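Everything on this sheet refers to the single structure shown next.
The values are calculated or read from the model by the stated rules, or taken from the named source; none is laboratory data. Just so you know, these numbers come straight off a predicted model, no measurement behind them. Cβ placement follows ideal geometry from the backbone for every residue including glycine, while neighbour counts extend to all protein chains displayed. For the accessible areas, the whole protein counts, side chains as well, though only heavy atoms, and no ligand, DNA or RNA atoms are used. Shrake-Rupley method; radii C 1.70, N 1.55, O 1.52, S 1.80 Å.
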Amino acid sequence: MELSDYLSKTNVFDFLQALEIPAYVVDKNRKIVFWNKQATTLTGYTPEEVIGRRCAEQVLNHVDRTGIPVCSTDLCPLYQAIKNGIPVEVPFAVYGLTKSGKRRPFSVFGLPIKNGSEILGAVELFTDAEKLDADMSLAITIQEGFVPESNDNIEFFYRPSTGLGGDMIYYNPPWIGIIDISGHGVAAALVSMLIRISLDSVIAFDPPLNALPYLLENELKRFKLQGVYLTSIFGQLKEDEFSFINMGHPSPVNITQKKVIETKNVVPVGWGLSDEYDESIINRHKLSDGNLLLYTDGLTELKTKSGMLGTEGLIKILTPEDTTTSIYLKTLSLRASGLQEDDITMILIKQ
């Protein structure tokens, strides 16, 4: 059955026209077949101007916060709804082109339209997200302000999946650490602030490195965070040596020698299992042996066309001359989807 016939027969058009929320319908090729009055009010486009066209054809032409096109890629919620047959909500604002030429932030929700098991198209509901976008922009600015600037010996790279992330970098020389907090988005970003405060408090007393997991565990107990834990590589960089503890985190990679550094590990912090460890848990890496890459699992768990990238896949694409930016761009080219599903954070410690 054709989408237009199905919609007319089931009175869906009348229902969507009566909705007090902007809505439009696309067929399986993402061509617009219906545009309601509220969509005209919010965007300025009339039904006559958009029906028969795709969003990417200078109608809304959505982009994400970084300017990456949404409408013509797998990021499009309508594409995902049609492909997978399930509702899809964009977990952040997208920016649509209005008739005035101004881009406005929208919250977007895509729903598949089905006739039995057959998917005929999708409907998108969207609302103004100016307030949400302003709040998110401020939160992102604050979080980005805690990312340290790279220097001659250390590169820092931070790219959250939704603007706000649960990864964090801690740098208070000689202390340096990369941390992956359970969860994503606003809640994880708030937890990262608590962890930063806790680390400042613990490190102020210049504890031995092996005492850090236990001290941090006890400090976080004050906040009574249920179900929240973190993995981390945390240590001290002194001259040519990085001494560190691996708290359940992916092992570092020596990119000069293209090999994983096998480490002694302890449990992640937050499970209540951290112990009063002795110095045997400390790992040491001489920078004269090669540049050291620390990263969160968003880098190796990204989906490529042949499956998850994994540590072996990462090592294959590395070269001794790589920077954090070049590593990210290499993985970006391998990604099966335009969507970055997890936060990606890296620290590259160089000779």
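Things to note:
- Residues being within 16 Å of Ile32 (Cα to Cα), modelled with pLDDT of 85 or more and in a loop (DSSP other than H, G, I, E, B) - total across the range 69-97: 1
- Hits in the range 251-274 - residues which are modelled with pLDDT of 95 or more, in a loop (DSSP other than H, G, I, E, B) and buried (at least 23 other Cβ atoms within 10 Å of the Cβ): Pro252
- Checking each residue in the range 27-65 for being assigned to a strand (DSSP E or B), farther than 30 Å from Arg159 by Cβ and among the β-branched types (Val, Ile, Thr) picks out Ile32, Val33.
- Residue match in the range 18-25 (condition: over 24 Å from Gly185 (Cβ atoms), modelled with pLDDT under 90 and not hydroxyl-bearing (Ser, Thr, Tyr)): yes
- Those residues of the range 1-35 which are touching a Phe, Trp or Tyr at 6+ places or on another chain (Cβ under 7 Å) and buried (at least 17 other Cβ atoms within 10 Å of the Cβ), in sequence order: Leu7, Leu16, Pro22, Tyr24, Val25, Arg30, Ile32, Phe34, Trp35
- In the range 301-330, the residue that is farthest from Asp342 (Cα to Cα) out of those that are in a helix (DSSP H, G or I) and open to solvent by 90 Å² or more (accessible area, probe 1.4 Å) is Lys316.
- Close pairs (7 angstrom Cβ cut-off, 6 or more residues apart or separate chains): under 18 Å from Asn246 (Cα atoms) and in contact (Cβ under 8 Å) with a residue 12 or more places away in the chain in the range 190-217, in a helix (DSSP H, G or I) and of a type in the set (Gly, Ala, Ser) anywhere: Leu216/Ser198
- Here the range 194-239 is the region considered, the condition is being in contact with a helix residue (DSSP H, G or I) (Cβ under 9 Å, 6 or more places away or on another chain) and of a type in the set (Asp, Glu), and the residue that is modelled with the lowest pLDDT is Glu239.
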